[in-house]
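Chemist: Pasting a structure below so you can have a look.
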Amino acid sequence: MFRRINSALETLETNPRLKKYFIYDKIQKIWKEHVDEVIQSNTQILHLNNDVVTIKTSAPTWKTELGFQKSKLILIINKHLDSKQKIKDIKFI
């Protein structure tokens, strides 16, 4: 029984139309596990589109601060994603 469920999940993961939802879920988990709690409490990941993650910040000052840390945050996320799933950019709003 478990093999069938795993096989179904693997099939869904490879579906190009659903692939971004699995990557989005992985990014959510990475954000919770590897990003500072203060940053987490002031941000919300909204969506993933064309390998660009859109993150809402609680205040304009956070948008500015995280803009300075963007390359570090991209490295953290990409380090924990598969090589075919890398993100290109983060957009803070």
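Chemist: Quick one: angle between helix 16-34 and the longest Cα principal axis of the chain, in degrees between 0 and 90, rounded to 10, please.
Modeler: The helix 16-34 is inclined about 50 degrees to the chain.
Chemist: Separate question: Through the Karplus equation 6.51 cos²θ - 1.76 cosθ + 1.60, θ set to phi - 60°, convert the phi angles of region 80-88 into ³J(HN,Hα) values in whole Hz; use x for Gly and Pro.
Modeler: With the stated coefficients, region 80-88 comes to 9, 9, 5, 4, 8, 10, 5, 8, 9 Hz.
Chemist: From the phi of every residue in region 37-46, what ³J(HN,Hα) in whole Hz does the Karplus formula 6.51 cos²θ - 1.76 cosθ + 1.60 yield, where θ is phi - 60° and glycine or proline is x?
Modeler: In residue order, the calculated couplings are 4, 5, 5, 4, 6, 10, 9, 8, 6, 8 Hz.
Chemist: Once fully extended, how much extra length lies between Tyr24 and Ser7, figured as 0.36 nm per residue of separation less the alpha-carbon to alpha-carbon distance?
Modeler: Working: separation 17, 0.36 × 17 = 6.12 nm, distance 2.05 nm.
Value of the extension gain: 4.1 nm.
Chemist: What are the ³J(HN,Hα) values, in whole Hz, obtained from phi via the Karplus relation 6.51 cos²θ - 1.76 cosθ + 1.60 with θ = phi - 60°, for each residue of region 63-75 in sequence order, with x given for Gly and Pro?
Modeler: 4, 5, 4, 6, x, 5, 9, 3, 5, 5, 5, 4, 4
Chemist: In deg cm²/dmol and to the nearest 500, what is the mean residue ellipticity at 222 nm of the chain if only DSSP H runs of at least 4 residues count, each as -39500 (n - 2.57), divided by the residue total?
Modeler: Per the formula, -19000 deg cm²/dmol.
Chemist: Which option, (1) 0.97; (2) 1.04; (3) 1.34, is the value of Rg/Rh (Cα atoms, Kirkwood Rh) that was calculated from these coordinates?
Modeler: Evaluating Rg/Rh (Cα atoms, Kirkwood Rh) on these atoms matches (2).
No value in this document is a laboratory result; all are computed from the given coordinates. Not measured: the values here are computed from a predicted model.
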